[in-house]
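First the structure, in the form of structure tokens, and then the observations on it.
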Amino acid sequence: MLQQTPVTRVLPVWQDWLLRWPDPTALAQAPSGEAVRAWGRLGYPRRALRLHAAATLMANEHDGEVPGSYAALLSLPGVGSYTAAAVAAFAFGCRATVVDTNIRRVHARLISGTALPAPALTAAETRLADHLLPTEPGQSVRWNAAVMELGALICTARSPNCAQCPVQEKCAWLAAGEPAPTYQPKGQAWAGTDRQVRGAVMAVLRAAGTGLQRGLLFAPAHSEHPVGSELARLYRLNAEESQLERAIAGLLTDGLAQATDGGGIALPA
DNA sequence: TAACCGTGGGC
DNA sequence: TGCCCAAGGTT
């Protein structure tokens, strides 16, 4: 849930989620569509699907337990190098090199003297993080947490609070006179994209208790429908039929939706 | 490698 | 008001 999503937005969903599915086996026994629905508006709904798949794998291959090694964690769907390292370190006390967006930014400034880390994680960054990580496991866990928190609370992306920084005197970026970024971060297109349409269709599917006829998704003539507000959001996008078709096809391909007997679509069972 | 994948808070 | 950004992963 925390992948690319602020902690404060995750917390309420996470709490409800764990009350409903306290362990991997409980989640594995639910339909994947229920996981997608409970995911709510956290975004990137494929993460819900992958979490459900990971729970199924843990139920079947790991006695219903979350594996405690980096390698086993990495093999789970939706778990990459960051998540595997974070769980190994913070849940199991392992020495694992955690590299998240906060740690990357702290290293970029403190060590490399640049305003921002590279656009994508590089091998050099991973090597640096691995080199800096204390050898002793207990200290390494503390180090990971400390650097991450420094980035989250002090060495922030927008306006870092250097005056409050405990390592300001060691900072290469400050010493260099706070040089500006050497590249322009390019934001992701949103308005008018398939992505936006996918999101709106998913919101309709989550709001609907059962499946929906495709006609309902295409024609703005059902504002009195129980899922009317989400349908209205979809209609407001004024997507071409071809784009809506493409978005739906993508959702079916990704397993976020499935075709129903009556020719409609629904969340997966 | 680079594109793709959601959402909403904050500046 | 838009735009940036957030505990990334997969193809």
Note: among A:Ala96, A:Ala91, just one is small (Gly, Ala, Ser), within 14 Å of DNA strand C (Cβ to nearest atom), modelled with pLDDT of 95 or more and surrounded by 13 or more Cβ atoms within 10 Å (Cβ to Cβ), namely A:Ala96
A:Thr114: passes all of (1) in a loop (DSSP other than H, G, I, E, B); (2) among the polar types (S, T, N, Q); (3) touching a Lys or Arg at 6+ places or on another chain (Cβ under 6 Å) but (3)
Filtering the stretch A:132-151 down to residues that are within 13 Å of DNA strand C (Cβ to nearest atom) and of a type in the set (Asp, Glu) yields A:Glu149
Quiz item: in a helix (DSSP H, G or I) and without any contact (Cβ under 8 Å) to a residue 12 or more places away in the chain - does that describe any residue in the stretch A:260-269?
Solution: no
Over the stretch A:170-200, the set of residues part of a loop (DSSP other than H, G, I, E, B), within 9 Å of DNA strand B (Cβ to nearest atom) and surrounded by 13 or more Cβ atoms within 10 Å (Cβ to Cβ) is A:Thr193
A:Arg41 vs. criteria within 8 Å of DNA strand C (Cβ to nearest atom), more than 16 Å from A:Met148 (Cβ to Cβ) and not acidic (Asp, Glu): no
Being within 12 Å of DNA strand C (Cβ to nearest atom), surrounded by 14 or more Cβ atoms within 10 Å (Cβ to Cβ), at pLDDT 95 or above and farther than 19 Å from A:Tyr183 by Cβ narrows A:Ala129, A:Ala84 down to just A:Ala84
Scanning the stretch A:187-215 for residues that are without any contact (Cβ under 8 Å) to a residue 40 or more places away in the chain, farther than 16 Å from A:Glu34 by Cα and aliphatic (A, V, I, L, M), the one nearest to DNA strand C (Cβ to nearest atom) turns out to be A:Ala191
Quick count over the stretch A:114-138, residues being within 16 Å of DNA strand B (Cβ to nearest atom) and polar (S, T, N, Q), is 2
Of the residues in the stretch A:56-81 that are of a type outside the set (Ser, Thr, Tyr) and more than 26 Å from A:Thr97 (Cβ to Cβ), the one that is surrounded by the most Cβ atoms within 10 Å (Cβ to Cβ) is A:Ala59
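The values are calculated or read from the model by the stated rules, or taken from the named source; none is laboratory data. Keep in mind the model is a prediction, meaning the values are calculated, not measured. All Cβ positions, even for glycine, are placed from backbone atoms using ideal geometry, and neighbour counts span all protein chains on display.
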